[in-house]
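This report concerns only the one structure given below.
The values are calculated or read from the model by the stated rules, or taken from the named source; none is laboratory data. Owing to the predicted nature of the structure, the values given are computational and were not obtained by experimental measurement. Positions of Cβ are generated from backbone atoms using ideal geometry, with glycine treated the same way; all protein chains shown enter the neighbour counts.
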Amino acid sequence: MSRPPALQAQTCGPWEMKERLGTGGFGNVIRWHNKETGEQLAIKQCRQELSPRNRDRWALEIQIMKRLNHPNVVAARDVPEGMQKLAPNDLPLLAMEYCQGGDLRKQVALSVSASALRYLHENRIIHRDLKPENIVLQQGEQRLIHKIIDLGYAKELDQGSLCTSFVGTLQYLAPELLEQQKYTVTVDYWSFGTLAFECITGFRPFLPNWQPVQWHTKVRQKSELDIVVSEDLSGEVKFSSSLPCPNNLNSVLAGKLEKWLQLMLMWHPRQRGTDPVYGPNGCFKALDDILNLKLLHVLNMVTGTVHTYPVTEEETLQTVKARIQLDTGIPEQDQELLQEAGLALFTQKHTADSRVNDAAAVDTDLLFLFDNQKVAYDAQVALRPHPESVDYILQDPKKNLHFFQLRKVWGQIWHTIRMLKEDCNRLQQGQRAAMMNLLRYNSTLSKMKNSMASLSQQLKAKLDFFKTSIQIDLEKYKEQIEFGITSEKLLFAWKEMEQAVELCGREDDVDQLVKKMMALQTDIVDLQRSPLGRKQGGTLEDLEEQARELYRRLREKPRDQRTSGDSQEIVRLLLQAIQTFEKKVRVIYAQLSKTVVCKQKALELFPRVEKVMNLMNEDEETVVRLQEKRQKELWNLLKIACSKVRGPVTGSPESMNTSRLNSPGQLLLQVPSGTYTVPESVRKSEELLLESQKLCSQLENVMHDTMKDQEQSFMVKYLIFLYK
């Protein structure tokens, strides 16, 4: 095709003509820019040599555009005043919104494209020229918007819903259009299915490099379920009902889209687009169901395999774990699912829907599966199977291939290297998730260590106080035993208390645990210092970039330079990428094994620390109980002594000085002396009582001195002890 002539700069008021956006069957599309408002328009103008039939089609396109209103169909705009005069002929200009994001080859968005196509069909319009170039991207406020353009070949359905005109781009045309037979909206199904297949795989499904006649003869031999007819590098034509690799789909989407493509790419138009559930023309609803799936992606860190599970809002994590067990063989109770930040999902707290993501998202919500029974992880990650063409060229990189063969196999090699890079990155994310999880355990363990040390110091202080206090009591008891009170039972009880508290205190256990935790802390710091402990680029990124650049240069070769050649250079990059991948995987899994060992040590320390803390709490309760018991015994002793000395105890040691035994008669009932005669037996005891008075006075003085000594020490310390 000859290159269209260069544009001559023109202006129309504030509007300036910019570059040509595209050239179609009817004419050119040119971008215009308003200097004052910044607004941009895509102006489509027809060529002068249009036939009368195409002039009518042009008028129909403008008519259709002006009455359509859908967010995913390009919208018509008013032609700026005075611009019509610049048209090269008398045909009207078509002004449309400008979509600056490029065409669909840059991004896959089947749902919005299907919505726009369904809208056209509901308005009884067949597009007839669907292809990636006719679905463009426009930057919205928060996302890219996909819009169908170029309705130049669109046709409104007549009452019979059949059309016979032959239009459209050959590579995307339905067979009935090539055969110039009557057709319906199902021609757009074929084009849309072809477009979807190309977005998924990077190439068209049916012999994309064959001429129309040979293409038609061979492709019509396919079965209704075949969605691929390809020619391998040896020249053999193969038919398949499965999506070829490589592609970016997970296993769930790949399986469902295979069945959907089988509906869209049926050779016979009457069956095309008929869904088993929704019936004729039910393909759009079937696609909605597929694209609205909620999926849970789980990377098994034991094998490096990603498992994908469709889930509902009602499904729990426990039911998902049961499905994981069937796929991986890891029992439910041994499964640990970690988020990227290292947070663990627990069956009791999380539902499956808490980590599901849109089917269109890629690796945004990946969970990492670990086997809690494994104490070490081996690098058992297998490489993805290579496409047949890649395996073929690996056997003989020097083999000369036609340009279109080179373009396909180089593209697949680039994709293979990119997948190696992404697989390695996912494994590294899993290792980092395990590291983050370990750091969370370590943080909790550090808090427990601090609590344990604080509790140990508190217990030690109480023990020291108790031991000092009881030692003082025993010493004071010995000092007064010769002229004071004796109680073998009390003495025995105090000595038992002294022996009992010797069993309290866990300083050795605490010291041992602190040493183990400090050693674990050192191991964790060493892990963090490892290069894998931080995000980083690597050789795989460089190799992927080199392969992409080789592929880009190949595709952009001028037509006169598109000759056959070998694949030695790009195969060398692939072999380097495989070696680098295997090396990095070994490093990742060695690091992961160390992380698992540290985590196991942390898990073993938790119950030991908790046990020691519980024992220290029990020891503290024992000390408090013994202290209270000893205090009660002291006060009971004082009560008995004081009751013998002067009646009821006032409760204050100082009050013991306010009364003295003036005469032995005070130990008797106090009655008026003038009305009662002391019996003879009592008078005989008078001398004995006078002697006892002296001894009681001495006892009272001893008790007073003892209580006064303890007033500022023992009682104050006891209060501090109780409220500490």
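Annotations
- Remark: pairs (first residue in the range 203-215, crowded, with 17+ Cβ neighbours inside 10 Å; second residue assigned to a loop (DSSP other than H, G, I, E, B); Cβ separation under 6 Å; 6+ apart in sequence or on different chains) = P205/I227; W215/L207.
- Set side by side, the residues D619, D560 differ, and just one is surrounded by 18 or more Cβ atoms within 10 Å (Cβ to Cβ), at pLDDT below 95 and either hydroxyl-bearing (S, T, Y) or more than 43 Å from the chain's Cα centre (by Cα) (or both), which is D619.
- Checked against the criterion of being modelled with pLDDT under 90 and of a type in the set (D, E, K, R), the candidates R384, R426, R407, R418 yield just one match: R384.
- If you go through the range 315-330 and keep only what is without any contact (Cβ under 8 Å) to a residue 12 or more places away in the chain and at negative phi, you end up with A322, Q325, L326.
- For the range 563-572, a residue qualifies if it is under 38 Å from the mean Cα position of the chain (by Cα) and either at pLDDT below 90 or surrounded by 15 or more Cβ atoms within 10 Å (Cβ to Cβ) (or both), and the qualifying residues are I570, V571.
- Number of positions in the range 233-243 that are among the charged types (D, E, K, R) and either in the same structural domain as D396 (by TED's automatic domain parsing) or not in a loop (DSSP other than H, G, I, E, B) (or both): 1
- Residues satisfying the stated conditions in the range 221-246, i.e. under 14 Å from G202 (Cα atoms) and either among the small types (G, A, S) or touching an Asp or Glu at 6+ places or on another chain (Cβ under 6 Å) (or both): S230, L243
- Sole residue being part of a strand (DSSP E or B) and either outside the structural domain of H386 (by TED's automatic domain parsing) or of a type in the set (K, R) (or both), chosen from V229, V213, V252: V229
- Test: residue in the range 413-421 that is touching a Pro at 6+ places or on another chain (Cβ under 8 Å) and among the aliphatic types (A, V, I, L, M): yes
- L459 meets the conditions (1) out of contact with any Asp or Glu (no Cβ under 8 Å at 6 or more places or on another chain); (2) of a type in the set (A, V, I, L, M); (3) within 30 Å of V609 (Cβ to Cβ) in every case but one. The failed one is (1).
- Here P246 clears all of (1) in a loop (DSSP other than H, G, I, E, B); (2) closer than 22 Å to L130 by Cβ except the condition numbered (2).
For (1) touching a Leu at 6+ places or on another chain (Cβ under 7 Å); (2) surrounded by fewer than 16 Cβ atoms within 10 Å (Cβ to Cβ), each residue gets a yes or a no:
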position: A382; (1), (2): no, yes
position: P385; (1), (2): no, yes
position: E388; (1), (2): no, no
position: W410; (1), (2): yes, no
position: I413; (1), (2): yes, no
position: T416; (1), (2): yes, no
position: K421; (1), (2): yes, no
position: R432; (1), (2): no, no
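- Selection count, the range 264-300, where residues are outside any strand (DSSP E or B) and free of Cβ contacts under 8 Å to residues at least 24 places away in the same chain: 8
- Leading residue by the ranking (surrounded by the fewest Cβ atoms within 10 Å (Cβ to Cβ)) among those in the range 454-505 that are within 57 Å of the chain's Cα centre (by Cα) and of a type in the set (S, T, Y): S454
- Criterion: hydrophobic (A, V, I, L, M, F, W, C), at pLDDT 90 or above and closer than 27 Å to P385 by Cβ - qualifying residue of L249, L265, L233, L291: L265
- Count of residues meeting criterion [part of a loop (DSSP other than H, G, I, E, B) and more than 18 Å from F346 (Cα to Cα)] in the range 302-311: 3
- Here C424, C504 are screened, and the one residue that is part of a loop (DSSP other than H, G, I, E, B) and touching a residue at least 24 places away in the same chain (Cβ under 8 Å) is C504.
- Filter result for P269 (outside the structural domain of V311 (by TED's automatic domain parsing) and closer than 30 Å to L401 by Cβ): no
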